[in-house]
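Contents: one structure, followed by commentary.
The values are calculated or read from the model by the stated rules, or taken from the named source; none is laboratory data. All figures in this text were calculated on a predicted structure; none of them were measured in a lab. Backbone-built Cβ (ideal geometry, glycine too); neighbour counts: all protein chains shown. These accessible areas exclude ligands, DNA and RNA; they are computed on the full protein's heavy atoms, side chains included. Shrake-Rupley method; radii C 1.70, N 1.55, O 1.52, S 1.80 Å.
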Amino acid sequence: MNSLLSLLQPYPFERLKQLFADVTPPAQYSAISLGMGEPRHPTPQFIKDTLCNNLEGLASYPATAGDIRLRTAFTDWIARRYQLQLDPVTQVLPINGSREALFAFAQTVIDAAQPDPVVVCPNPFYQIYEGAALLAGATPYYAPSDPARNFAVDWDSVPLEVWKRTQLIFVCSPGNPTGAVMPLNEWHKLFALSDRYGFVIASDECYSEIYFRDEPPLGGLEAAKKLGRHDFRNLISFTSLSKRSNVPGLRSGFVAGDAALIKSFLLYRTYHGSAMSPIVQEASIAAWADEEHVIQNRALYRKKFAQVTPLLAGVMELALPDASFYLWAKVPDALGMTDAEFAKALLAQYNVTVLPGSYLAREAQGSNPGAQRVRMALVADTEECVEAALRIVQFIQSRTA
């Protein structure tokens, strides 16, 4: 067996399962889970219909590069969303959801033959970043989020000797779990570091279409253009339909950016067996071409957050995120509980599941930046999310009165 597999840590939801193993939730309360970030709004009917109407695609092997109509659908969307003109032949590729692509991209980029390669990722983070680094033979370095700056990543805290060995950096904007969006000056900083040390930037943007302000979140490619980097040198962005269009089971998205990196990634994916089904390609073309369902989806999240955030803000330290569908809330000090103890007691008393923030981060530089926080995914309908919030308020008040 690959000895690097022994370096992988249990996924947060496996740890949550172990935490709750001896808990019997009260039967008088219906189960409400805010734990998993799985979209639960209905999949648009036109996407389902497109899938059903293109079953003849089962008779064909798909090309790894995807149909040119699909790649053009990507670049057309990029043009509408970011006012960027990309080449559908050389600057985009279909992916089977961002998870597999983020992992595979690290295997493409990392040169383990070089001495002690490093992958820098935010902390807290999406655990695929860590696993991808470890199985590529690299060492993860965890850059902490700064609560004083709405949990923006503190890139300045990364030591010079780490940057010198860095081959890849994962950026998540809007962030999971904090919802923070990286501003242009932060992109300028990372591009300058990339130019100096030669590392590649993987920009995970799967939450880009769920936001609460009038101006949509800045994307990595958009930032590059604003800063005069028209060739997107050493930059690849990852975008998915899962959250945007409520189709996590479709496993569909794309990568875009540096044509040289796209070429190498295509070579890797050809051997990796990552071709997208023709049926999924047709449904994806339809989804990327339609924006009305995305606007409606965003409105549902805005309604939920507008009702839930004020309720919880009365008993917990939290704020409306820049984007994404998570609340990143602080466990009240008055409870005298760790984030894991809070999650366990909340389930035991009110049958509501939240995810301990420490499970989404690592102990690094002397602290775990997820500790004493919990992540709440507001993915259920508004009524259920409001009910969960009311139970959390009751739980906290019953223990602090």
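If we count every other residue with Cβ under 9 angstrom of Pro174's Cβ, Lys/Arg +1 and Asp/Glu -1, where does the sum land? Intermediate values should be presented prior to the final figure.
Details: positive: none; negative: Glu205, Asp322.
Local net charge: -2.
Can you tell me the order of 382-393, 57-68, 287-298 when each peptide is scored by its average per-residue count of other Cβ atoms within 10 angstrom, highest first?
Values: 382-393: 18.9, 57-68: 14.6, 287-298: 16.4.
Per-residue mean Cβ counts within 10 Å order the peptides as 382-393, 287-298, 57-68.
Net charge dipole, the chain: roughly 100 debye, given to the nearest 20, about the Cα centre with Cβ charges of +1 for Lys and Arg and -1 for Asp and Glu.
Could you give the length gained on full extension between Phe46 and Ala21, defined as 0.36 nm per residue of separation minus the Cα-Cα distance, in nm? Working shown, then result.
Working: separation 25, 0.36 × 25 = 9.00 nm, distance 4.07 nm.
The span from Phe46 to Ala21 would gain 4.9 nm if fully extended.
In this Cβ point-charge picture (+1 for Lys and Arg, -1 for Asp and Glu), region 269-399 has a dipole of about 340 debye about its Cα centre. Rolling a 1.4 Å probe over the heavy atoms of the protein chains gives region 1-159 an accessible area of 49 Å² per residue.
Only protein heavy atoms count here; on that basis, with a 1.4 Å probe, Ile285 has an accessible area of about 30 Å².
Computed over the alpha-carbon pairs of region 295-340, the distance histogram in 5 Å steps reads 5, 20, 27, 20, 14, 9, 4, 2, 0 percent, short to long.
Using only Cα atoms, what is the ratio of the radius of gyration of the chain to 2.2 N^0.38 Å?
Values: Rg = 21.1 Å, N = 401, 2.2 N^0.38 = 21.5 Å.
Cα Rg divided by the expected 2.2 N^0.38 Å: 0.98.
Protein chains only, probe 1.4 Å: how do Asp22, Asp339 rank by accessible area, largest first? Spell out each step's value before the answer.
Numbers: Asp22 115, Asp339 5 Å².
Output order, biggest surface exposure first: Asp22, Asp339.
Normalising the average separation of contacting C-alpha pairs (under 8 angstrom, six or more residues apart) by the number of residues puts the relative contact order of region 125-225 at 24 percent. Remark: spin-label model distance Gln307-Ala63 equals 4.8 nm, labels positioned 7 Å along the Cα→Cβ axis.
Can you say what percent of the DSSP beta bridges in region 89-161, counting only those with both residues inside, are antiparallel? Round to 5.
The answer is about 25 percent antiparallel.
Please label the shape of region 295-401 as rounded, prolate or oblate, based on the square roots a ≥ b ≥ c of the eigenvalues of the alpha-carbon gyration tensor (a/c under 1.5 means rounded; beyond that, a/b larger than b/c means prolate, else oblate). Since a/c reaches 1.5 but b/c is at least a/b, the shape of region 295-401 is classed as oblate.
Axis angle, to the nearest 10 degrees, between helix 292-313 and the longest C-alpha principal axis of the chain: 30 degrees.
In this view, the solvent-accessible surface of Cys206, computed with a 1.4 Å probe and all protein chains in place, comes to about 10 Å². The listed residues Tyr271, Tyr29, Tyr207 rank as Tyr271, Tyr29, Tyr207 when sorted by accessible area, largest first, using a 1.4 Å probe. Share of carbon and sulfur in the accessible area of the chain stands at 54%, probe radius 1.4 Å. With all pairs of separate Cα atoms included, region 100-177 yields a Kirkwood hydrodynamic radius of 12.7 Å. Measuring nothing but how far apart in sequence close Cα pairs (under 8 Å, 6+ apart) lie, relative to its length, the chain scores a relative contact order of 24 percent. Protection proxy ranking for 114-121, 93-100, using the average of other Cβ atoms within 10 Å per residue and placing the highest first: 93-100, 114-121. With contributions of -39500 (n - 2.57) from each DSSP H run of at least four residues, the per-residue ellipticity at 222 nm computed over the chain stands at -12500 deg cm²/dmol.
Protein heavy-atom accessible surface, 1.4 Å probe, per residue over region 310-401: 35 Å². Here the Gaussian network model covers the chain, with springs between Cα atoms less than 10 Å apart; of Glu161, Glu282, Glu209, Glu161 fluctuates the most.
Hey, if we sort Lys48, Lys263 by accessible area with the 1.4 Å probe, largest down, what's the order? Kindly include the intermediate steps, with their values, before the conclusion.
Values: Lys48 90, Lys263 155 Å².
So, going from the largest accessible area down, we get Lys263, Lys48.
In a Debye calculation with equal point scatterers on the alpha-carbon sites of region 137-275 and no solvent, what is log10 I(q)/I(0) at q = 0.10, 0.20 Å⁻¹? So the normalised log intensities work out to -0.36, -1.40. Going 7 Å from the Cα of Met1 toward and past its Cβ, which residues in region 103-136 have a backbone nitrogen under 18 Å from where you end up? 131-132, 134-136, by backbone N distance to the label point.
Nothing charged except the Cβ atoms of Lys and Arg (+1) and of Asp and Glu (-1): what's the magnitude of the dipole of region 1-158 about its Cα centre? Round to the nearest 20 debye. Present the calculation step by step, with values, prior to reporting the outcome.
Values: 10 positive and 15 negative charges, 89 e Å.
Computed about the Cα centre, the dipole is about 420 debye.
What FRET efficiency comes out for the pair Gln394/Arg149, r = Cβ-Cβ distance, R0 = 41 Å, nearest 0.05? The pair Gln394/Arg149 has a calculated efficiency of 0.80.
Accessible area of Arg233 (1.4 Å probe, protein heavy atoms only, ligands and nucleic acids ignored): about 90 Å².
Reported to the nearest whole Å, the Cα centre-to-centre distance from region 302-327 to region 93-109 is 31. Picking from Gln127, Ala101, Leu58, whose Cα lies most toward the positive end of the charge dipole for region 1-131 (charges on Cβ: Lys, Arg +1; Asp, Glu -1)? Among Gln127, Ala101, Leu58, the one farthest towards the positive end of the dipole of region 1-131 is Leu58. Here region 266-300 is scanned for amide nitrogen atoms under 13 Å from the site 7 Å beyond the Cα of Gln107 along Cα-to-Cβ, giving 266-275.
Beyond 26 Å between alpha-carbons counts as too far, so tell me which of Lys225/Lys330; Lys243/Lys304; Lys17/Lys48; Lys189/Lys330; Lys243/Lys303 fall in that bin. In this structure, Lys225/Lys330; Lys17/Lys48; Lys189/Lys330 lie more than 26 Å apart at Cα.
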